[in-house]
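Enquirer: First the structure, which I've put down as structure tokens, then a few questions once you've had a look.
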Amino acid sequence: MFAKTIAKKKKDGSEFIVIIPKRAKSAATILSLGSDKIYLRNTAELGPVDPQLSVTDTNGSTQFTPAYLQVDAIENLLNSTALFSKSNFDSLFSKKKSFGNLETDIKIKFFDQCNYPVYINAKNELGLSDSIIEKITKDKIESNSNILKEDFNIFKDPHLTKSHGRLINLNDLKDNSLYKEKIINNLHNLCEDESQYKSLDTLLFELYVRKRQLLNDSGNEIVKNIETIDEFFTNSGKKLGQ
């Protein structure tokens with residue numbers, strides 16, 4: 001959805017500007033980074049590109065968990081050869097050996113216990129996000145040689161920001177080339193004077209609050225909505241409790 005929006009804007013040649021009144025996370029961050037300019041209110045925040053997975057536990061309860069945590073959990077085990085020994089898994093191992101040399105049926109038993117399909121899904125989601133960020137990074141560097149590839153790491157590596165819990169504000173970006181080259185800007189830069197800024201700032205926050213109220217209305221099934229002059233994307237679904 002966001003990739004289509006970015007591609008269309010680049011194709012028709014119009015300037016693609018994103019204004020963030022409060023916060024933009026994950027897919028919204030990708031959409032923002034694909035724009036020509038990003039403007040943040042003083043208290044607005046970006047977030048890492050951090051796909052979330054819907055995971056159902058043995059009790060039937062469903063919760064959302066960061067994809068990178070699912071990947072880390074499995075890969076940390078696979079890289080810890082000391083765990084895979086006869087003393088720890090007597091019923092599975094006849095002698096101490098690395099996980100890579102285990103029989104296929106033993107690997108299958110282990111992966112079944114660790115919910116291997118969720119791991120694969122998480123890897124795929126992270127791979128998709130990384131590929132989009134890499135393309136955006138390449139496009140930005142081609143258009144401005146002062147943009148540094150490593151300055152995208154804060155958005156693509158959730159280990160740096162600890163998933164959705166740690167958002168990225170203007171202060172975090174003061175030494176980032178995207179900020180220095182005015183790809184990411186303070187909303188003040190869009191206005192001619194302080195009076196105009198205050199009017200726009202108030203309007204944007206009011207719009208944000210009203211939109212949130214609309215999306216949180218239990219009678220409204222729209223959970224995500226992106227609109228442009230000639231494109232309309234809606235993701236509908238039942239919210240928790242409906």
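Enquirer: Would you mind checking which residues have amide H under 5 Å from ALA24's amide H? H placed 1.01 Å from N; only 5 or more apart, or other chain.
Expert: GLU45, LEU46, GLY47
Enquirer: Rounded to the nearest 0.05, what FRET efficiency do ASP175 and TYR116 give with R0 = 45 Å and r taken as the Cβ-Cβ distance? Could you check?
Expert: 0.65
Enquirer: Please list, in order along segment 23-34, the HN-Hα scalar couplings obtained from phi with the Karplus expression 6.51 cos²θ - 1.76 cosθ + 1.60 (θ = phi - 60°), rounded to whole Hz, x for Gly and Pro.
Expert: Once rounded to whole Hz, the list reads 7, 9, 10, 6, 4, 5, 5, 4, 4, 5, 5, x.
Values in this text are rule-based calculations from the coordinates and carry no lab data. Here the structure is a predicted model, which is why all the values come from computation and not from measurement. Don't worry about glycine lacking a Cβ; one is built from the backbone with ideal geometry, like all the others, and counts go over all protein chains shown.
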